[in-house]
Each structure stands twice: as C-alpha cells, then as structure tokens.
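Undergrad: Take a look at the following structure, please.
What follows draws every value from the coordinates through simple rules; no lab data is involved. The structure presented is a predicted model; accordingly, all values stated were derived computationally and were not measured. Positions of Cβ are backbone-derived with ideal geometry, glycine not excepted, and every protein chain shown enters the neighbour counts.
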Amino acid sequence: MSTSAGFTYDGDRFRENFADFEEKYGFHDMYTGGFYPYDTQEEHWAYWSRYIYINRYMDAPKPVYRELYDLVKDKDYFVLTTNVDHCFQKAGFDKRRLFYTQGDYGLFQCSVPCHKETYDNAEIIRKMIEAQGYVIAESGEMNLPEGIVPKMEVPSELVPHCPKCGKPMSMNLRADDTFVEDEGWHRAAQRYSDFLRRHQNMKVLFLEAAVGFNTPTIVKYSFWRMAYEWEDAVYACLNYGEAFAPDEIKKKSICINGDIGAILKKLK
C-alpha cells in the first residue's frame, strides 16, 4: 500500500537520497542498505536517519491512505497493519483504532533490550539529518543545498544510547527476538481483540489492502480464518498480482487485482 502511495524503496527515490551509499557499498535499495554492517555507529545512523526521515516523517507523494480513510471514516473500523511508516495515522485514522504489530520507524528501543520501553526519535533524527548537511523545509521536505556533499556519518554525540544500560539504541522494528512490545503495543493489541470480540456476530468486512507475503500470518491468514468461521463475514482482497482467496471462502470473497490507489479512486 505504501508502494502505491509512492514510498518505493528503490529506483529514483533510493538514488535521490542514498547515491553516496550506493556508490560506496554497491547496494541498490533501502532495504538492503538497512542490513549493511557499517564499520561505525556514526555511519550506521547517518544511513538510518535518512531512511527513517523520508519514510516516517515525510508525507507520501500520493494520497492512497487518505483515499482509504475517506471510504471508512464514518464506519466502525479498525486497522491491523504490519506497516511501520505511520501513514495511516498521518492520513487521519484514529490512533485508538490502529494496531501497528511490527513496530514504528518513529521509535527507538534498547538494542539488548534491557527494558520494555520505547522512545520517540523525531527530534534526534532531525538533528542527524541536519548534521549531514541537509535542510528541512517548512513542508517537511529534506533538501540538500546546491554544492553541498552530504556527510556519511553523524557526530558521535548524536549516536543514541540506552538511558538505562548505556548500550546502543536500535529501531523498534520486529526483526528478531529483541523487539520490544511496550505498553502502547499491548494496549493496541487489547483494543483489537476487544473489537473482534464485539463484532463477531455482526456483519463484518475483512478488507485486506495490498498485503504481501512477508508476514502473511498476521493479516492475510487471520482474515481468511475469521472469514471462514464468522457466519456474516465477507473477505475482500485488493492487491496487484496477488488478489485471491482460498476455495473454502471463495463464495464470500471479493478479489480485485490491480494497483490499490487506482482501485480506491474507483470505489469513491
């Protein structure tokens, strides 16, 4: 869904923001660069601060999330998502009706982790960006002044460390068993569970919006199971090249193959 909204991780968008890293290390997309074993924390956070800023604090180029919000804002909805870019909330979705299961680019956590808290990173990410030579406009855009070559490291004093144990901080992203499920995560999980419990005997649409197969158990498989088990449930899948449903629920499914941004415009 974020890809449809313009949050692509390769191509021109990657080269516009990471040409220096591409030239030095030879990777050609943001995802690969995020796993690169940089020699220093200063370079690691130069890369990740750009990554976080453009994918979390800048607005998506296309209004795909807003199109979806306009369709459901007056309905009794809840959003279960594996996206970590905050696009739902920025588009107007009520944060109390959102469950970000896999984390948030806008949060740090202890890399150990020594405790189960997360920390907002907006201010320090902005400082890291500016320390590399970028200027952040009033619109939120990250720009590089003409003639300026961006630095590929941040000052040592900006490298984030855990306030309790002093070890390096990391992103609050579910990449391994160090992922922190903080109080906010558990409250959102409980709200989602309560929503399902209240609506189990009602007419429900399980709308799968451009979900891929990286983590299908969270949204796709659970939606299939509930659509099968709930008598008045309908399953809808909007996806480019992967719009299908199992035979067991085909009679109560709607599958539309295409770009979700284009599909939402037609639905409106």
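Undergrad: Would you mind counting up the charge near Asp182? Only other residues with Cβ under 11 Å from its Cβ, with Lys and Arg at +1 and Asp and Glu at -1.
TA: Result for the neighbourhood of Asp182: -2.
Undergrad: Where in the stretch 80-124 does the label zone of Lys73 land, with the point 7 angstrom along Cα→C-beta and an amide N cut-off under 11 Å?
TA: Zone members listed by number: 91-94.
Undergrad: For the stretch 228-266 and the stretch 110-169, what is the centre-to-centre distance using only Cα atoms, to the nearest Å?
TA: About 40 Å separates the Cα centre of the stretch 228-266 from the one of the stretch 110-169.
Undergrad: What does the charge add up to near Glu67, with Lys and Arg as +1, Asp and Glu as -1, over the other residues with Cβ less than 13 Å from its Cβ?
TA: +4
Undergrad: If r is the Cβ-Cβ distance from Asn201 to Lys164 and R0 is 35 Å, what FRET efficiency results, to the nearest 0.05?
TA: Efficiency, rounded to the nearest 0.05: 0.15.
Undergrad: Further, regarding this structure: Mind ranking 247-258, 99-110 by how tightly packed they are, going by the mean number of other C-beta atoms within 10 angstrom, highest first?
TA: 99-110, 247-258
Undergrad: In which sequence would Val204, Val112, Val135, Val79 go, from the one with the fewest C-beta neighbours within 10 Å to the one with the most?
TA: With the sparsest Cβ surroundings first, the list reads Val135, Val112, Val204, Val79.
Undergrad: Any idea how far apart Glu181 and Leu144 come out in nm if each label point goes 7 Å out from Cα toward Cβ?
TA: Output for this residue pair reads 4.1 nm.
Undergrad: Still on this structure, I have one more. Can you put Glu123, Glu43, Glu138 in order, fewest other beta carbons within 10 Å first? Intermediate results must be reported in sequence, preceding the final value.
TA: Values: Glu123 8, Glu43 17, Glu138 5.
Final ranking by Cβ density, sparse to dense: Glu138, Glu123, Glu43.
Undergrad: Work out the charge dipole of the chain with +1 on the Cβ of Lys and Arg and -1 on the Cβ of Asp and Glu about the Cα centre, then indicate which of His161, Phe21, Gln41 is farthest towards its positive end.
TA: In the chain, that residue is His161.
Undergrad: Please give the FRET efficiency for Cys255 paired with Ala137, using the beta carbon to beta carbon distance and R0 = 51 Å, rounded to the nearest 0.05.
TA: It comes out at approximately 0.80.
Undergrad: Please work out the FRET efficiency for the pair Glu16 and Thr40, using the Cβ-Cβ distance as r and a Förster radius of 22 Å; give the result to the nearest 0.05. Present the calculation step by step, with values, prior to reporting the outcome.
TA: Working: r = 24 Å, r/R0 = 1.11.
With R0 = 22 Å, the Cβ-Cβ based efficiency is 0.35.
Undergrad: Nearest 20 debye, what's the magnitude of the dipole of the stretch 37-89 about its Cα centre given +1 on Lys and Arg Cβ and -1 on Asp and Glu Cβ?
TA: 200
Undergrad: Please give the contour-minus-distance gain from Phe213 to Lys62: 0.36 nm per residue of separation, less the Cα-Cα distance, rounded to one decimal in nm.
TA: 52.0 nm
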